[in-house]
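Just below is one structure, and these are the notes that go with it.
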Amino acid sequence: MEQLLHKCSNQAWDLTYLSFWSTLYWDEMSRDTTYLFATMDKELKKIFKNTHETKNHLFYRFFETQKAVMIKEVYAGIVRNRVKPKLNTELLDKLIETEKRRLLILVSNHGG
């Protein structure tokens, strides 16, 4: 179980890193700083390339054009209306403990 928690924690840190970079990148046009994304994690690179490569957009690679346009518009609407959450360490610690409990239940229910 400890190994599974370690892998989940590592993945969460990777995705947090990507998310944090994304918030810096979002304001890049109004600032004097350019933020680059760098990682040695192969899977995280795949996630980044699949979501940020503009020449060959993710939606158009997996869906025919009409559906891809519709998906992209719906997705843009979801992202556009997002309110940035206010986080603090107490809230994050509670969320981590909640997710650990959920993972333990999931693993125990599937014979892990």
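The values are calculated or read from the model by the stated rules, or taken from the named source; none is laboratory data. Note that the structure is predicted; figures quoted are calculated from it, not measured. These accessible areas exclude ligands, DNA and RNA; they are computed on the full protein's heavy atoms, side chains included. Shrake-Rupley method; radii C 1.70, N 1.55, O 1.52, S 1.80 Å.
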Completion exercise
Taking protein heavy atoms only, a 1.4 Å probe, and rounding to whole percent, the accessible area of the chain owed to carbon and sulfur comes out at 59
Completion exercise
Once residue 23 and residue 40 are pulled to full extension, the length gained, defined as 0.36 nm per residue separation minus their Cα-Cα distance, is 4.1 nm
Practice task
Mind grabbing the accessible area of residue 34 for me, 1.4 Å probe, Å², rounded to tens?
Solution key: 100
Exercise for the section: Using a 1.4 angstrom probe, figure out how much accessible area the range 1-106 has per residue, in square angstrom, rounded to the nearest whole. Expected result: 90
Handout entry: In order through the range 14-23: 3J(HN,Hα) via Karplus (6.51 cos²θ - 1.76 cosθ + 1.60), integer Hz, x for Gly, Pro
Key = 4, 5, 5, 4, 5, 5, 4, 4, 4, 5
